Amino acid sequence: MNFNRWMGISSVIIAAMLWGTTGTVQALLPESREPLAVGAMRLLVGAIALLAMALAHQPSRRALVRLPWVSVFFAGSSIACYNLLFFWAVSEAGVGIGTAVTIGSAPFWATAYEALSRTALPTRKRLGGQIISIIGVAFLGLAAADDGKGSLGLVLALGAGASYASYSLITSKIGHKAPSTAIAAGTFSCAALLTLPVLAVVPIAWVIAPGVWLAIGFLGIVATGLAYAFYTWGLTRVAASSAVTLALAEPVTAWLLATVIIKDPVTLTSATGVGLILVGLIIVARHPSRKLRAELNKDL
């Protein structure tokens, strides 16, 4: 298989594993936390981290002034919606189901768009891998539903998944127009500015509790800045629908952390879901879309 594609796959999976920590970290914050404020703060700290990374890299620093700002703004709007809806969904539905439904629904949106626009057509094996992974996510959702989680969280998570797919599709289209760090910095700067007003209308007194800023710093710098630098770079080497499917490594990571740290129970349903997701990811990793496969063959 093409080396560049494997590097892109690895980059996306690393990003997904870092994202998988966000639900657990939020669950460790004070119970009085406001999920919308957590999302806004994560974006603000993440934007600062990405800007610092871009300014430290000369090609990225030069590219900041000539980014395709219209597309960057729409990507930023999508990631802003994703963060607010995701943290709200996790608060309502729990770490496991909130993460699983959000990321599990994204491949439907991305694959449907690519197929309808003929940007990339999935092979049968690749589509089968996506379906297997999504069935695995459904198993994780059923496991969480058995614990009595609310339906509002499901709706919020579906909205977050649509926003995440939109961000991935837009970013994949502009990924070759500038260094990935510059694109990520511009995107998250827009997202941070769009969500900043949230901090003026929701309670934020809980931020003075011990350890809160350490958690917020981790969410912003590691689970946002570093993770999206990996993901944006990966999107230049794999199709958006492949990337959002590979990102199903996030609910696997979230499930493992929730099991080990939060002590969520391990059930046959949840374990089956994790196994199916991993099988599906292996299949998707080995079978690119038809258009991408043709492009890769030209490089061999």
Where in the chain are the DSSP H helices whose C-alpha atoms run 20 Å or more along the long axis and whose mean Kyte hydropathy is at least -0.5? 3-19, 35-55, 69-93, 95-116, 124-145, 151-174, 180-195, 268-286
Whenever you get a sec, compute what percent of the accessible area on the stretch 1-145 sits on carbon and sulfur atoms (1.4 Å probe). 71
Can you classify the stretch 70-109 as rounded, prolate or oblate using the Cα gyration tensor, where a ≥ b ≥ c are the square roots of its eigenvalues, rounded means a/c under 1.5, and otherwise it's prolate if a/b beats b/c and oblate if not? oblate
Picking from Ala56, Ala182, Ala157, which is most flexible by a Gaussian network model of the chain using Cα springs under 10 Å? Ala56
Accessible area expressed per residue, the chain, with surrounding protein chains retained (probe 1.4 Å, Å²): 43
For the stretch 13-81, the fraction of alpha-carbon pairs in successive 5 Å shells from zero, as %: 3, 12, 16, 23, 20, 13, 8, 4, 1
On the accessible surface of the stretch 153-263, probed at 1.4 Å, how many percent belong to carbon and sulfur atoms? 78
The stretch 25-30 - phi-based ³J(HN,Hα) in whole Hz, Karplus 6.51/-1.76/1.60, Gly and Pro as x: 4, 5, 5, 8, 6, x
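What is the stretch 128-223 by shape, rounded, prolate or oblate, if you read a ≥ b ≥ c off the alpha carbon gyration tensor as root eigenvalues and call it rounded for a/c under 1.5, prolate for a/b larger than b/c, and oblate otherwise?
On the way: a/c = 2.03, a/b = 1.08, b/c = 1.87.
It comes out oblate by the Cα gyration axes.
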Ignoring trypsin sites (Lys or Arg not before Pro) that are buried or in helix or strand per DSSP, and keeping those with at most 12 other beta carbon atoms within 10 Å, what is the longest stretch of the chain between them? 119-262
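Can you tally the lysine pairs in the chain where the Cα-Cα distance is under 22 Å and the two residues are eight or more apart, or on different chains?
7
Provide the FRET efficiency to the nearest 0.05 for the Ala271-Val65 pair, computing r from the beta carbons and using R0 = 45 Å.
FRET efficiency, Ala271 to Val65: 0.35.
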State the answer as a single residue: which of Leu28, Leu67, Tyr231 lies farthest towards the positive end of the charge dipole of the chain, with beta carbon charges of +1 for Lys and Arg and -1 for Asp and Glu, about the Cα centre. Leu67
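The values are calculated or read from the model by the stated rules, or taken from the named source; none is laboratory data. Keep in mind that what you see is a predicted model, and the values were worked out from it rather than measured. Please note: Cβ atoms are built from the backbone with ideal geometry, for glycine as well, and neighbour counts cover all protein chains shown. Keep in mind that these areas ignore ligands, DNA and RNA; they rest on the heavy atoms of the full protein, side chains included. Shrake-Rupley method; radii C 1.70, N 1.55, O 1.52, S 1.80 Å.
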